[in-house]
Amino acid sequence: MVDALRAYTLTAGMWIRASLTYRASFAMALLGSFIGSGLDFVAIMIMYSHIDALGGYAVAEVALLYGATSLSLGITELLVGNVSRVGANVRNGTVDTLLVRPVPVFLQLAADRFALRRLGRITQGALVMGWALVALGPVRAGWSPLDWLLLVVMVLAGAGIYGALYALGGAFQFWAQDAAEVQNAFTYGGNTLLQYPPTVFAGELVRGVTLVIPLAFVNWVPAATLLGRDAPLDLPGFAAWLSPLVAAAACCVAALVWRAAVNSYRSTGS
């Protein structure tokens, strides 16, 4: 595992050095990522220029939801985002090359074409979360050290859940090949969904993203405790701390599905 992570780091470092060779191009790409990911929050702010609350949530509370899910997705996108391109690798036969190297295929795909410009989404999400924490001063004043820990756990566990979705989507592409948009529906689509409070969605949808595809544990469930609100589906208070367990379980399932997908792959020469 140490050697595999070292190979990932070396490969990612190679692509980082390559991207920094052309500083102006990198700066423009980073700025484009920052602005592009921030348009969703601009839309939210436009809505709040006409309303005082959305689903009972004030703008600062929605900003906390937005910042948490954007940070989680940004971390995952930076570290393993290129797994979404596995379908192209299957089609052009380069998976054969990956299989003969002494490094796990998943890590090779994740490090390939490592895009440092994706820091734009992380930066934008962190800024929105920082603004939300300042705006939530009265609520934040009552937070204990455990609440601050829960904030960190929420972001990291959310990244783990998104990582599992990337792995599952990549595994599906071994069979479906041209199915990157199916994966995007759950990652980027899920991110858009979680930017808004659960109270604006139908109960069936909330149950689906809580009990079937556990996207609600990215931010809805833990954020409810931080904001002093009822959790979706009236889950008990301790459910806020289940996000790491949900992320671990999702990653275990994703790892099993990924292994099955790789084992089912048939070489271009077969």
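With respect to the numbered conditions (1) of a type in the set (A, V, I, L, M); (2) part of a helix (DSSP H, G or I); (3) open to solvent by 20 Å² or more (accessible area, probe 1.4 Å), which one is the sole condition not fulfilled by VAL103?
Going through (1) of a type in the set (A, V, I, L, M); (2) part of a helix (DSSP H, G or I); (3) open to solvent by 20 Å² or more (accessible area, probe 1.4 Å) one by one, VAL103 breaks only (2).
Under the condition of being among the charged types (D, E, K, R) and over 18 Å from LEU79 (Cβ atoms), which residue from segment 4-58 is surrounded by the most Cβ atoms within 10 Å (Cβ to Cβ)?
Restricting to residues being among the charged types (D, E, K, R) and over 18 Å from LEU79 (Cβ atoms), the top hit is ASP40.
In segment 39-100, which helices (runs of 4 or more DSSP H) lie fully inside it and hold 2 or more residues that are at pLDDT 95 or above and touching a Gly at 6+ places or on another chain (Cβ under 8 Å)?
59-80
Would you mind stating whether LEU109 is open to solvent by 40 Å² or more (accessible area, probe 1.4 Å) and either over 22 Å from GLY87 (Cβ atoms) or part of a helix (DSSP H, G or I) (or both)?
Working: open to solvent by 40 Å² or more (accessible area, probe 1.4 Å): no; either over 22 Å from GLY87 (Cβ atoms) or part of a helix (DSSP H, G or I) (or both): yes.
Criteria not met by LEU109.
Please go through (1) in contact (Cβ under 8 Å) with a residue 24 or more places away in the chain; (2) more than 28 Å from ARG17 (Cβ to Cβ); (3) open to solvent by 50 Å² or more (accessible area, probe 1.4 Å); (4) of a type outside the set (Asp, Glu) for THR123 and return the number of the only condition it doesn't satisfy.
(2)
Working carefully through the options LEU245, LEU256, LEU168, find the one that is closer than 17 Å to SER72 by Cβ and open to solvent by 70 Å² or more (accessible area, probe 1.4 Å).
LEU245
Restricting to segment 184-208, name every residue that is open to solvent by less than 30 Å² (accessible area, probe 1.4 Å) and without any contact (Cβ under 8 Å) to a residue 12 or more places away in the chain.
GLY208 - this is the single residue of segment 184-208 that is open to solvent by less than 30 Å² (accessible area, probe 1.4 Å) and without any contact (Cβ under 8 Å) to a residue 12 or more places away in the chain.
What number goes with the only condition from (1) out of contact with any Ser or Thr (no Cβ under 6 Å at 6 or more places or on another chain); (2) modelled with pLDDT of 95 or more; (3) hydrophobic (A, V, I, L, M, F, W, C) that LEU235 does not pass?
(2)
The values are calculated or read from the model by the stated rules, or taken from the named source; none is laboratory data. In this text the structure is predicted, and so the values were computed from the model without any measurement. All Cβ positions, even for glycine, are placed from backbone atoms using ideal geometry, and neighbour counts span all protein chains on display. Just so you know, the surface numbers come from the protein's heavy atoms only, side chains and all, with ligands and any DNA or RNA stripped out. Shrake-Rupley method; radii C 1.70, N 1.55, O 1.52, S 1.80 Å.
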